[in-house]
């Protein structure tokens, strides 16, 4: 069954030459070849300020680029979030994007109820990192990944949430990178 997919590429460098860009491109190409409709959001190319107060988060004006991203997320059945691990978590720009997007009125009701307005959507989180992925998961406990899954995506009703972790990215061969890209293309074709 065809899905509407939104691929959110969260690497903060707009140059587009990083593994995150390649993984996002491979997933989007696979999804399109699998008959899914694909929308793209390139966080590094959006214009938005960081939120600095509860009042801004709750009632501040939503920047036009964020409104466009919210529209793509709302239309999607499946979200793919791609970002590099920086200092043990997502880059600040990507976190700022999520804070802007998942505001009251979009992801949660504004009337004090905790209705999950994004229920019925699924997600895949794709993270690249310098350390081995097993080390991140077992030694560090993948706390930032768990926080994204539980405290942001799960909190607004997104389920199931799947993960693809790519570790040791500076040390892998071109052949290994090619396998990673093929894996993302296959996941995209399946809409998973």
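What to note about this one:
- Among 29, 39, 54, the largest mean-square fluctuation in a Gaussian network model of the chain (Cα springs under 10 Å) belongs to 54.
- Longest to shortest principal axis, alpha-carbon extents of the range 4-190, angstrom: 51, 38, 30
- Each label was represented as a point 7 Å from its Cα along the Cα-to-Cβ direction; for residue 111 and residue 40 these points are 4.0 nm apart.
- Gap separating the Cα centres of the range 4-51 and the range 143-192, nearest whole Å: 13 Å
- Computed over the chain, relative contact order equals 30 percent, with contacts defined as Cα pairs under 8 Å that lie 6+ residues apart.
- Taking 7 Å steps out from each Cα toward its Cβ at residue 1 and residue 155 produces label points 2.9 nm apart.
- FRET efficiency, 1/(1 + (r/R0)^6) with R0 41 Å, evaluated for residue 175 and residue 92 via beta carbons: 0.80
- Relative to the current alpha-carbon distance between residue 62 and residue 99, full extension at 0.36 nm per residue lengthens the span by 12.2 nm.
- Each helix, a run of at least 4 DSSP H residues, gives -39500 (n - 2.57); summed and divided by the residues of the chain, these come to -11000 deg cm²/dmol at 222 nm.
- Full-extension gain in nm, residue 15 to residue 29, via 0.36 nm per residue minus C-alpha separation: 3.1 nm
- The chain: most fluctuating residue of 61, 31, 92 per GNM, C-alpha cutoff 10 Å: 61
Laboratory data are not the source of any read-out in this text; all were calculated from the coordinates shown. This is a predicted model, so every value here is computed, not measured. Glycine also receives a Cβ, built like all others from the backbone with ideal geometry; neighbour counts cover every protein chain displayed.
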